[in-house]
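Before we start, here is the structure in question, set down as structure tokens.
The values are calculated or read from the model by the stated rules, or taken from the named source; none is laboratory data. The model shown is predicted, which means the values in this text are computed figures rather than measured ones. Cβ placement follows ideal geometry from the backbone for every residue including glycine, while neighbour counts extend to all protein chains displayed. Only protein heavy atoms, including side chains, enter the accessible area calculation; ligands, DNA and RNA are left aside. Shrake-Rupley method; radii C 1.70, N 1.55, O 1.52, S 1.80 Å.
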Amino acid sequence: MNVPEFFQKRIDAENAEEAQFEHQVHVCIAAGCASSGSNDIAEILEKTCEERGEDHPCRIKRVGCMGLCSRGPLVAHHQNGKEPAMYHSVTPDLAKEIARKLDGNPPKKNRLDPQMPFFARQKRVVLENAGLIDPENINHYFARGGYQSLNYVLEELSPEETVREVVTSGLRGRGGGGYPTGLKWSTVAKAGQGGQKYVVCNADEGDPGAFMDRVVLESDPHRILEGMQIAGHAVGANKGYIYIRGEYPLAIKHLTTAIRQARRATMLGHSVCGTTFDFDIELRIGAGAFVCGEETALIASIEGNRGTPRPRPPYPAEYGLWGKPTLINNVETYANIPAIFREGGEWFANIGTETSKGTKVFALAGEIENGGIIEVPMGISIKEIVNDMGGGVRNGGTCKAVQTGGPSGGCIPAQHFDSPVDYESLKKLGSIMGSGGMIIIDQKSSMVEVARFFMEFCMSESCGKCIPCRAGTAQLHQLLDDLLEGRATTRTLPLLEELCEVVRRTSLCGLGQSAPNPVLSTLRFFREEYEALAPAPDGKATDKVTV
Amino acid sequence: MLASGQIKTLKIDGRDVSAHENQTILEVARENGIKIPTLCFLEGLSVRGSCRLCLVAIKGSPRLEPACTTRCREGMEVETDNPELHQFRKRILELIFAERNHVCSVCVSNGHCELQALGAEFGLTHVEVAYQFPNMPLDLSHDRFVVDHNRCILCARCIRVCDEIEGAHTWDMMGRGKDARIISDMNEPWGESESCTSCGKCVQVCPTGALFEKGKSVAEMAKQRQFLPYLTIMRGGKR
Amino acid sequence: MSKTITINNVTRIEGHAKITLHLDDQGMVQDAQFHVTQFRGFEKLCEGRPFYEMPSLMARICGICPVSHLLASAKACDDLMAVAIPKTAIKLRKILNMAQIMQSHALSFFHLSAPDLLLGMDGDPASRNIFGLMKDHAQLVQDGIQLRKIGQEIIALLGGKRIHPSWVVPGGVNKPLSEEHRDQILASLGECRPIIHRTLEIYKSIQANFKEEIQTFANFPSLFLGLVSPGGNLEFYDGNIRVADAARNTIADQIDTLDFNDYLEESVEKFSYLKSPYYKAFGYPDGIYRVGPLARLNIIDRCGTPQADEEWAEFQGLQRGAVLSSFYFHYARLIEVLFCAEMMERLLQSKDILDPHVRAYAKPNSFEGIGVCEAPRGTLMHHYRINKNGKIEWANLVIATGHNNLAMNRGVLQTARHFVKGEKIEEGMLNRVEAVIRAFDPCLSCSTHAVGQMPLNIELLSASGTLLDSVKR
Amino acid sequence: MKTSAGLIIGIGNPLRGDDGFGYLAAESLAKKLKNTPVKVVATHQLLPEHLDLMRKVAWVVFIDASAAGEAGKLTITTPRALFESPLAFSHSLDVTHMMAWCKSLYRVCPKTLLLSTGIADDRVGMPFSPGVRRALTKAVSLVVKLINVGNPSVEAYIDNLSRD
């Protein structure tokens, strides 16, 4: 790919700017580190550097996520030609010390080994810029090759060729379902015969324990704008919406800035990249309903209606926003697009497994030593993620299970940790890939309690439209509560199982249909924990067993 | 002239039936005298697909589909009743009865209630799931009508008839999950609603005793729904 | 050392109760308490409901006399609407009420009390039951069954259902009487006259056997309260309240039922869920009064039907002044059944009874409404307050058994003092204590409703408490 | 359908799981035996008023659930009147008492058959157990068959049974 002159000028300018500084200190200001005070650390670093004087110019760069969120604030010291030095849990004192000793012996305290598996085993595609660029500076994005894929697609590829490239890549939807992205694009491309169409980015990430999309949006927002526009070109849409949850203020801020900067740089809006392609993007901020992650509910919400799902078909690809064909993809899906067009669909298809191509971003949460965000090639085993990269259970406990896929997913017990992480394998184990949340559960936790937690979530997030989900989740929650609070009868467990089936088979949308999954998967692998809480069928109550 | 592709032939409960292109399974089933239970569906209003009672099994599809929203396809084989569907429907009814305070014996719609009739039809002699006993309010502020949320099943017929037929859109829904509730205007007392035209259509389409005429005593509220088909015809079938 | 004797589960009365007798050191009865241990809370649960739902809701208080609650509630609702309901509706409601009184009295007399009366208080418990009764008094038992059936049939013909009819609505009734049903009812009323006369004869023939019981069964001076017609006749549905004293002097007359609160006050005993109202002007405990058949026959000037008046004249002659012994509740019940049969016939023969106009419609016009009628067991009062939209904001029910509560307790004490001697609990004594209660025919399930008031102190008075010697059966 | 005037009384509470056996059997029989001289009564409990019905018929079949016996197993018995009971009038009148009442009061008692099933669960709000559900269908067709035989008549059938 030749770099057009416009881009080369921008890249040269940014490189020249950067060359002025011998040191670059990256401070993560994404929500994880910000919550542990990284903005103060950045200020302290700036102030201390100023005090050092002009001899050794240093730039403090407020960047996106570096991954190890459980140990923020994270700071990385980049020096020309040297391996960066990373620090975790940076206190104001440590920040001062780092700044003062930029030239000499860097402090040993709280140093992170960049070769630790958490970093070394990652394969970064979606997160290639995260932690390296200032998300509010479009020039940083340009310097990393940003918007060149868009320009290439607009200049060189027909919509059909664009779709074909995505098909070649084998990319599947990262929002949870794993629907082939290329197929979706071609469906929308063929729908509607030249009329109005829309491209929607689903950034309503709501699974408990999942924050991959937030990290992408906070760390590299332009990536999404670029991916959406390529999609717009492919399917014939000129309008995009990013539906983002209101709980992500920093992501909203970064996206707003990015949209403004992109418009000014003609990377968005009229005559994008100087071509005849027009495309504009609007933000729609959700009011905190989990169900709005469901695509028909999301459409209703963007239209200004109550965010409730409707029966499909018709699918949004045919009948979406305001009845027009609409392409809806998740944040991470769009984030893969610029890389696919830069490196080629073939390149992407070579990463991962036969059926699950590319990489996947996971959010590690729960009782894990190294909590945070990782990006790994598909097909890696759960064991590698949990034990090696994640460092096992916090404080030396043993791992009992890992919950994937959020409230629609399931629990995978430790004996199945050799299983590869791909769409099919996880499904076989009764869970789903989902959007990428992974919650590590240690031996001390009760699986019934885990199930109750997710059921409570589903109950309070049910939109209330269809009866099985609205009333069924409430009943399921009560039955789980009965088990845990010692009110179970001989009928509790049979009724629980039957109602799971009712809710799963009869609910209107995916939220309801998958709501029983945490119960069903824990029942499958940890049935004895349920049985210990219910009276035996002969009517004699068994002693409550602490699990 | 209809092109040949616009007529579909399919099987419902083993019977060969034909359908226009845009007809739903429910429409065709009813045309052919095949009974499928419904609760949120009401002829003349837009379909909603939320009560899940009309779910049917379609050969080759792992999912159950609502008959009210699913369009007929060529060669489709539909099963409208089987032991599994029966049990699901019964459980769904049970969930409704347990969800709010449906006390038939003192209800104005006793004997004229679609929910009660379905309960009887499915032999729902008791409710196994736990009664929720929510503390639900009653709005008596309207001059002529009452809304008793204890008996509301959130079918949204009132919302639809008010929006689609009367054009007032007085009713809407707020809250989610089990806290969802129909509201008039911006959750104001019905009697203070400025948009309500007091036409009473919502009361007549309500399947239970949630909306009723003031002054009616127990078992006296029989709903009149004849007006809906006429209005639809007069509008040339447009909603 | 004092001793407590507890009689649990008083048999053959409707509902459940417990009696505690406190003995002193000499083994004499020092105190007696009649506990009601059930709790229903209807007043609380009707708050927030529309007032026109009240009759059907309130009929659910009790499966034994739903009609009484239905009528009192409907009358309170008429009052809230401030309408005069059609005359025919009044007549139909009256007939319904009397049918209910008839079948309830039949149950009380024939099934619950007859074994005591006909087989004696000291009879062998093994045969002192309805089988024993049937052996020697088959006709009486057959009559009881028949009379009850007739009462229930009339209710069914009028209201559509035997239990909890939804026929009575605020403003009247929702369906006029058909000629066919009228004729059916009249025919069955014809059947019950001979039954009542036969029974009265049997009763009067055995009355002399119970001198001791008559002396001691809650035989004490008290006030009597009930409804009377404007002319002073026996009245179960309409009319105003009259209070008479033990000498049959009328001390308050034609009290508008709407003002009843000005005359009555309620005390709450800590040992029972039952409320204990008393006549305000006389204070507590001098204001103790009785309601029900005995009281009704004590306050009236006449029944108002020929045959009942004949019997009433005889009844009146039993004691100087008012008839004070609660034993005579039984007699009073039979006279009332006779009155009902006569009065129902008279009403059914009136020419406007088939009139199709039986319901008045109105919005709420009054924010407070009171409905009073005579239930089989005595005066029943429903009192509601509503907001401007007709939503019930507050309700208070004063129930027949509640009116009699203080009198019942005094009666239990009186009987126990007379029949309990020493620490030995004899069957005959227990029977008599129970029989006192049964004379009042209390209906306990509906009268227990004092939400938010003093809780029942079960520990103090239960069988497992201190100084206890309980008897159960 | 040829049969003499008879009475069927199904006893039970349909809200209490298997206890509803008799009640529901009677309800379904009532539909099947419309327009026959057989009167069918479904009741929660036996009442003195039922005596008035009993005394007028030649035979009566009681259908009830029984706490004893295997769930869903139908038993046919010809009960005998029981004249002794310490608490005859209460909420627990049973078939034997009814017969005794009827005999004592009216000097007649119809030929009586008791069709009962053992039950699994009679707690409030419980569903029918599968065995009792099957027994219900069986019981209904059994009674219909019994009434349909005509010759030998129901009375003869009961007589026959009493001899065994």
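Once phi is turned into θ = phi - 60°, what whole-Hz ³J(HN,Hα) does the Karplus curve with 6.51, -1.76 and 1.60 give for every residue of region A:6-11, x standing for Gly and Pro?
Per-residue couplings from phi come out as 3, 5, 4, 4, 5, 5 Hz.
Any idea which of A:SER462, A:GLN478, A:VAL448 is furthest toward the positive side of the dipole for region A:447-533, if Lys and Arg beta-carbons carry +1 and Asp and Glu beta-carbons -1?
Going by the charge dipole, the pick is A:SER462.
Could you work out the mean count of beta carbons from other protein chains within 10 Å of each residue's beta carbon in C:371-377? Intermediate results must be reported in sequence, preceding the final value.
Numbers: counts 0, 0, 0, 0, 0, 0, 0.
Mean shielding by partner chains, rounded to a whole number: 0.
Okay, moving on. At a 10 angstrom cut-off on C-beta neighbours, averaged per residue, how do the peptides C:173-182, B:168-177, A:475-484 rank from highest to lowest?
Highest-to-lowest ranking by the protection proxy: A:475-484, B:168-177, C:173-182.
Here's something else I'd like to know. For the residue pair D:ALA68 and D:ASN148, what label-to-label distance in nm results when each label sits 7 Å from Cα along the Cα-to-beta-carbon direction?
My value for the distance between the label points is 3.2 nm.
According to the square roots a ≥ b ≥ c of the eigenvalues of the Cα gyration tensor, what is the shape class of region A:145-349, taking rounded for a/c under 1.5, prolate for a/b larger than b/c otherwise, and oblate for the remainder?
Note, shape of region A:145-349 comes out rounded.
Relative to the first principal axis of the alpha-carbon coordinates of chain A, what is the inclination of helix A:249-264, with its axis defined by its Cα atoms, in degrees from 0 to 90 and to the nearest 10?
That helix lies at roughly 40 degrees to the long axis.
How large, in percent, is the carbon and sulfur part of the accessible surface of region A:320-466 at a probe radius of 1.4 Å?
Ligands and nucleic acids excluded, carbon and sulfur give 48 percent.
Go through C:321-331, A:71-81 and give me the packing order, highest mean Cβ count within 10 Å leading. Display every interim value, and only then the final one.
Numbers: C:321-331: 23.6, A:71-81: 20.1.
So the order, starting with the most tightly packed, is C:321-331, A:71-81.
What are the residues whose amide H is under 5 Å from the amide H of A:CYS399, where those residues sit 5 or more places off or on another chain and H is modelled from the backbone?
For A:CYS399, the qualifying residues are A:VAL393.
Along the positive direction of the dipole of region A:384-539 (beta-carbon charges: Lys, Arg +1; Asp, Glu -1; about the Cα centre), which of A:SER419, A:LEU533, A:LEU508 reaches farthest?
A:LEU508
Mind giving me the nanometre distance, one decimal, between the label points for A:SER158 and A:GLU43, set 7 Å out from Cα along Cα→Cβ?
5.8 nm
Starting from the Cα of B:ASN135, step 7 Å along the direction of its Cβ; do the same at C:ASP253; then give the gap between the two resulting points in nm.
Calculated label separation equals 5.1 nm.
Write down the accessible area per residue of chain A in Å², having rolled a 1.4 Å probe over the full set of protein chains.
37 Å²
Which cross-chain or sequence-distant (5 or more) residues have an amide H under 5 Å from the amide H of B:GLN23, H modelled 1.01 Å from N in plane?
B:CYS72
Across the Cα atoms of the protein assembly as shown, what radius of gyration and what greatest pairwise Cα-Cα distance (Dmax) are found, in Å?
Rg and Dmax of the protein assembly as shown, Cα atoms, are 40.6, 129 Å.
Separate question: Just the ratio, please: alpha-carbon radius of gyration of chain A over 2.2 N^0.38 Å, N its number of residues.
Rounded to two decimals, the normalised Rg is 1.01.
Another one. Stokes-Einstein diffusion coefficient for region A:344-473 at 20 °C in a medium of 1.002 mPa s, Rh from the Kirkwood formula over Cα pairs: what value in µm²/s?
Diffusion coefficient, whole number: 138 µm²/s.
To the nearest Å, what is the center-to-center distance of region A:323-368 and region B:2-60, using C-alpha atoms only?
If we compute the Cα centre of each part, the gap is 39 Å.
Only four residue types carry charge here, +1 at the Cβ of Lys and Arg and -1 at the Cβ of Asp and Glu. Report the dipole size of region A:359-442 about the Cα centre in Debye, rounded to the nearest 20.
That gives region A:359-442 a dipole magnitude of about 200 debye.
222 nm [θ] for the protein assembly as shown, helices only, -39500 (n - 2.57) per DSSP H run of 4+, per residue, to 500? Working shown, then result.
Details: 49 runs with 531 residues, N = 1423.
Only helices count here, giving -11000 deg cm²/dmol.
Put simply, what bits of region B:159-180 lose 50 Å² or more of accessible area when the other protein chains are there, versus the chain on its own (1.4 Å probe)?
B:ARG176, B:GLY177, B:LYS178
Another question, then. Where the convex hull is taken over the Cα atoms of chain B, what is its projected area averaged over directions, in nm²?
The number I arrive at for chain B is 14.3 nm².
Counting Lys and Arg as +1 and Asp and Glu as -1, each charge on the Cβ, what is the dipole of chain D about the Cα centre in debye, to the nearest 20?
So the magnitude is around 600 debye.
Let me ask something additional. Under the classification rounded if a/c is under 1.5, otherwise prolate if a/b is larger than b/c and oblate if not, where does region C:42-403 fall, given a ≥ b ≥ c as square roots of the Cα gyration tensor eigenvalues?
Values: a/c = 1.69, a/b = 1.25, b/c = 1.36.
Because a/c hits 1.5 or more and a/b fails to exceed b/c, region C:42-403 counts as oblate.
Kindly write out, for region A:333-342 in residue order, the coupling ³J(HN,Hα) from the Karplus curve 6.51 cos²θ - 1.76 cosθ + 1.60 (θ = phi - 60°), rounded to whole Hz, with x marking Gly and Pro.
Taking θ as phi minus 60°, the curve returns 4, 5, 5, 6, 4, x, 5, 4, 7, 6 Hz for region A:333-342.
What percent do you get for the relative contact order of chain B when only Cα pairs under 8 Å and 6+ apart count?
Relative contact order here is 19 percent.
Relative contact order, percent, of chain A when contacts are C-alpha pairs under 8 Å separated by at least 6 residues?
Once normalised by length, the contact order is 13 percent.
In debye, nearest 20, what is the charge dipole magnitude of the protein assembly as shown about its Cα centre with +1 on Lys and Arg Cβ and -1 on Asp and Glu Cβ, if you could check? Walk me through the intermediate numbers first.
Details: 157 positive and 166 negative charges, 621 e Å.
It comes to approximately 2980 debye.
Keeping every protein chain present and rolling a 1.4 Å probe, give me the accessible area per residue for region B:1-143 in Å².
Per residue, region B:1-143 has 44 Å² of solvent-accessible surface.
If one computes the Cα centroid of region C:29-93 and of region A:506-520, what distance in Å separates the two points?
47 Å
Give the Rg/Rh ratio for chain D, taking Rg as the radius of gyration of the Cα atoms and Rh as the Kirkwood radius, to two decimals.
Answer for chain D: 0.95.
Then there is this: Can you compute the FRET efficiency between C:ARG346 and B:HIS20 using 1/(1 + (r/R0)^6), with r the Cβ-Cβ distance and R0 = 51 Å? Round to the nearest 0.05.
0.15
Could I ask something else about it? Using a 10 Å cut-off on Cβ to Cβ distances, tally the other chain neighbours for every residue of D:101-108 and report the average as a whole number.
4
What's the buried accessible area, both sides, between C and B using a 1.4 Å probe, rounded to 100 Å²? Kindly include the intermediate steps, with their values, before the conclusion.
Working: alone 17720 and 12530 Å², together 28800 Å².
Chains C and B together bury roughly 1400 Å² of accessible area.
Please list, in order along region C:140-155, the HN-Hα scalar couplings obtained from phi with the Karplus expression 6.51 cos²θ - 1.76 cosθ + 1.60 (θ = phi - 60°), rounded to whole Hz, x for Gly and Pro.
Values per residue, Gly and Pro as x: 4, 5, 4, 4, x, 4, 5, 5, 5, 5, 5, x, 5, 5, 4, 4 Hz.
Just for region A:145-349, what percent of DSSP beta bridges are antiparallel, to the closest 5?
Of the beta bridges lying entirely in region A:145-349, close to 10 percent run antiparallel.
By average Cβ neighbour count within 10 Å, what is the ranking of B:203-211, B:67-75 from highest down?
B:203-211, B:67-75
State in Å² the accessible area per residue of region C:42-403; use a 1.4 Å probe, count heavy atoms of protein chains only, and round to the nearest integer.
With the other protein chains kept in place, region C:42-403 gives 32 Å² per residue.
Follow-up question, since we're still on this one. In region D:35-68, what residues drop by 40 Å² or more of accessible area when the other protein chains are put back, versus the chain on its own? Use 1.4 Å, and skip ligands and nucleic acids.
D:GLU49, D:ASP52
Here is a further query. Would you kindly state how much longer the chain becomes between C:GLU201 and C:SER267 on full extension, computed as 0.36 nm times their sequence separation minus their alpha carbon distance, in nm to one decimal?
19.7 nm
Relative contact order for region A:359-442: what is it in percent, counting Cα pairs under 8 Å that are at least 6 residues apart?
So the answer I get is 36 percent.
Checking a compactness column here: for region A:447-533, what do you get for Rg(Cα) / (2.2 N^0.38 Å), N being the number of residues?
Working: Rg = 11.7 Å, N = 87, 2.2 N^0.38 = 12.0 Å.
Output field value: 0.98.
I'd like the mean, over residues of A:301-307, of how many other protein chain beta carbons sit within 10 Å of each residue's own Cβ.
Mean partner-chain Cβ count within 10 Å for A:301-307: 1.
While we're here: May I ask what percent, to the nearest 5, of DSSP beta bridges between residues of the protein assembly as shown are antiparallel?
Working: 102 of 159 bridges.
Percentage antiparallel, nearest 5: 65.
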